[in-house]
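Enquirer: Got a structure for you, questions after.
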Amino acid sequence: MRVIDSHTGGQPTRVIVDGGRDLGTGPLAERRELLARNHDDLRQKSILEPKCSEAMIGALLCESPNPDCAAGVIFFNNTGYLGMCGHGTIGLAVTLAYLGKLDLGWHLIDTPSGVVRVDLNGPDDVTVENVPSYCFRKGVKLTVAGLGTVSGSIAWGGNWFFLADSAPCELSRDNIPQLTEAASKIKRALVEQTIFGADGGEIDHVEFFGPGQSPGANSQNFVLCPGLAYDRSPCGTGTSAKIACLAESGRLAPGDEWVQESIMGSRFRGSYRLDDDGNVIPSIAGTAYVFADATLVDQPGDPFGRGFG
Ligand code: PYC
């Protein structure tokens, strides 16, 4: 299996460019189900420990059934599958450029959550125009063990997010264990209190916010992903969810910039436009760097060949 690894603002993406699985030619959402149901060993063998850290996002490169799309992709993590992934799409575009398969300029990429547009501005510099994003519910109140009442919004940015109105402690790298614990409890409480997204989907990402730390940053975030790893980047779909909430409450106008900083200090520049139906279409700009072009080997007898974690 040939893989290309990159990181986007510190958050890694492993693109499987060769040696994946034949999932047919159906829509990407169907192929994701097929992969999960019949070939989950690919996810396990390619990104779980001991080969990768818990933060790694896998990206299976596919052909899209849509002839307008340059490529299709199915994203997965240490616990399952994602609809979309913003940092991963930036990593994918940079990987395709590294392979000589994507020219500068704009291209369409198919994902299980819908078609997104990438602008390859330079070999490492990408803007992703995401799927339509929206705030589904505001002022949601949860009772969370050890935290009391927690309020926040539920928003879609290609994945489901709970955006907490306040953070349990200062957003700093020293506090990552406390932030992780608090976000995990909120994620669990959402399931226990049967609070789901508009389509009944699990709200599997939790996001805290604090003031921007570097000049020009509007905000810093901490995002807990479904497998309980935190996003080292500002999270493209999480920034999209935030932008949708800002747009809905009139706090960000179309075309205005929102600079989202991650817990690691990396940044995405966000903005949005309204489409003809009034939907918020967020754009996320960031940089990614390829750091490995490798062949994964499946050794017979390896007791941890399928990974763990
Ligand atoms: O950038 O959208 C994102 C993302 C989702 C999970 C990890 N990163």
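The values are calculated or read from the model by the stated rules, or taken from the named source; none is laboratory data. Remember, predicted model here, so these are calculated numbers, not experimental data. Using ideal geometry, Cβ is built from the backbone for each residue, glycine included, and neighbour counts are taken over all protein chains shown. Ligands, DNA and RNA are excluded from the accessible area calculation, which covers all protein heavy atoms including side chains. Shrake-Rupley method; radii C 1.70, N 1.55, O 1.52, S 1.80 Å.
Enquirer: If I filter the range 22-44 for residues that are under 22 Å from Gln299 (Cα atoms), modelled with pLDDT under 95 and out of contact with any Pro (no Cβ under 7 Å at 6 or more places or on another chain), do I get at least one hit?
Expert: Looking for residues that are under 22 Å from Gln299 (Cα atoms), modelled with pLDDT under 95 and out of contact with any Pro (no Cβ under 7 Å at 6 or more places or on another chain), one finds at least one in the range 22-44, hence yes.
Enquirer: Let me ask something additional. Filtering the range 69-84 down to residues that are within 16 Å of the ligand (Cβ to nearest atom) and either assigned to a strand (DSSP E or B) or free of Cβ contacts under 8 Å to residues at least 24 places away in the same chain (or both), which residue is most open to solvent (accessible area, probe 1.4 Å)?
Expert: Tyr81
Enquirer: When you go through Gly58, Gly100, Gly20, Gly24 one by one, which is the residue that is more than 19 Å from Gly157 (Cβ to Cβ), away from the ligand (no atom under 12 Å from the Cβ) and touching a residue at least 40 places away in the same chain (Cβ under 8 Å)?
Expert: Among Gly58, Gly100, Gly20, Gly24, only Gly20 is more than 19 Å from Gly157 (Cβ to Cβ), away from the ligand (no atom under 12 Å from the Cβ) and touching a residue at least 40 places away in the same chain (Cβ under 8 Å).
Enquirer: Another one. Considering only residues that are in contact with a Ser or Thr (Cβ under 6 Å, 6 or more places away or on another chain), open to solvent by less than 10 Å² (accessible area, probe 1.4 Å) and either in the same structural domain as Trp156 (by TED's automatic domain parsing) or among the β-branched types (Val, Ile, Thr) (or both), which ones fall in the range 262-285?
Expert: Hits for the range 262-285 are Ser262, Phe268, Gly270, Ile284.
Enquirer: Restricting the search to the range 197-211, which residues are free of Cβ contacts under 8 Å to residues at least 12 places away in the same chain and not small (Gly, Ala, Ser)?
Expert: Scanning the range 197-211 gives Asp199, Pro211.
Enquirer: Could you tell me which residue of the range 212-249 is farthest from the ligand (Cβ to nearest atom), considering only residues that are buried (at least 24 other Cβ atoms within 10 Å of the Cβ) and assigned to a loop (DSSP other than H, G, I, E, B)?
Expert: Checked the range 212-249; the qualifying residue farthest from the ligand (Cβ to nearest atom) is Pro234.
Enquirer: Of the residues in the range 34-65, how many are farther than 26 Å from His7 by Cα and surrounded by 14 or more Cβ atoms within 10 Å (Cβ to Cβ)?
Expert: 2
Enquirer: Among the candidates Leu147, Leu190, single out the residue that is surrounded by 19 or more Cβ atoms within 10 Å (Cβ to Cβ) and in contact (Cβ under 8 Å) with a residue 12 or more places away in the chain.
Expert: Just a single option satisfies the conditions, and that option is Leu190.
Enquirer: Ok, one more. Can you go through Asp302, Asp298, Asp293 and tell me which one is modelled with pLDDT under 95 and either closer than 21 Å to Asn78 by Cβ or not in a loop (DSSP other than H, G, I, E, B) (or both)?
Expert: Answer to the check: Asp298.
Enquirer: Still on this structure, I have one more. If you check Gly139, Gly158, which single one turns out to be open to solvent by less than 10 Å² (accessible area, probe 1.4 Å) and in the same structural domain as Phe268 (by TED's automatic domain parsing)?
Expert: Every option except Gly158 fails the conditions.
Matching residues to (1) under 25 Å from Ala229 (Cβ atoms); (2) buried (at least 19 other Cβ atoms within 10 Å of the Cβ); (3) within 11 Å of the ligand (Cβ to nearest atom):
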| position | (1), (2), (3) |
| --- | --- |
| Pro67 | no, no, no |
| Gly86 | yes, yes, yes |
| Thr89 | yes, yes, yes |
| Val94 | yes, yes, no |
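Enquirer: Looking only at the range 201-210, decide whether some residue is in the same structural domain as Thr237 (by TED's automatic domain parsing), open to solvent by 70 Å² or more (accessible area, probe 1.4 Å) and in contact with a Phe, Trp or Tyr (Cβ under 7 Å, 6 or more places away or on another chain).
Expert: yes
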